[in-house]
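Data block below; observations after.
The values are calculated or read from the model by the stated rules, or taken from the named source; none is laboratory data. Computed from a predicted model, the values in this text were never measured in an experiment. Counting neighbours? That spans all protein chains shown, and the Cβs are built from the backbone with ideal geometry, glycine included. Side chains are part of the model used for accessible areas, which takes the heavy atoms of the whole protein and leaves out ligands, DNA and RNA. Shrake-Rupley method; radii C 1.70, N 1.55, O 1.52, S 1.80 Å.
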Amino acid sequence: MANRELWSYKDIAAHIRVQPDTVRSYRKHGLLPPPDHVEAGKPYWYADTIRRWVASRPGNRGRKE
């Protein structure tokens, strides 16, 4: 079953162990997938969207979550 939990910049940053500003920079430079949902101008992504993105990132080298 798909994980429909929505993640913010802060949640994504915690997942990949970077600062939220780094995740914002990824989005600004087109390195983050488009948001799955926008509420009050704030972007959110499904946890599964981010997990797929992490798995496909260059330099991931097969790292497990």
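Taken as a whole, the condition of being out of contact with any Pro (no Cβ under 9 Å at 6 or more places or on another chain), β-branched (V, I, T) and surrounded by 14 or more Cβ atoms within 10 Å (Cβ to Cβ) does not apply to V38.
Whenever a residue of segment 35-60 is touching a residue at least 60 places away in the same chain (Cβ under 8 Å) and farther than 10 Å from W7 by Cβ, it has no partner that is open to solvent by less than 80 Å² (accessible area, probe 1.4 Å) and in a helix (DSSP H, G or I) lying with C-beta atoms less than 7 angstrom away and at least six residues away or across chains. Scanning segment 1-60 for residues that are over 8 Å from the mean Cα position of the chain (by Cα), of a type in the set (A, V, I, L, M) and in a loop (DSSP other than H, G, I, E, B) gives M1, A2, V18, L31, A40.
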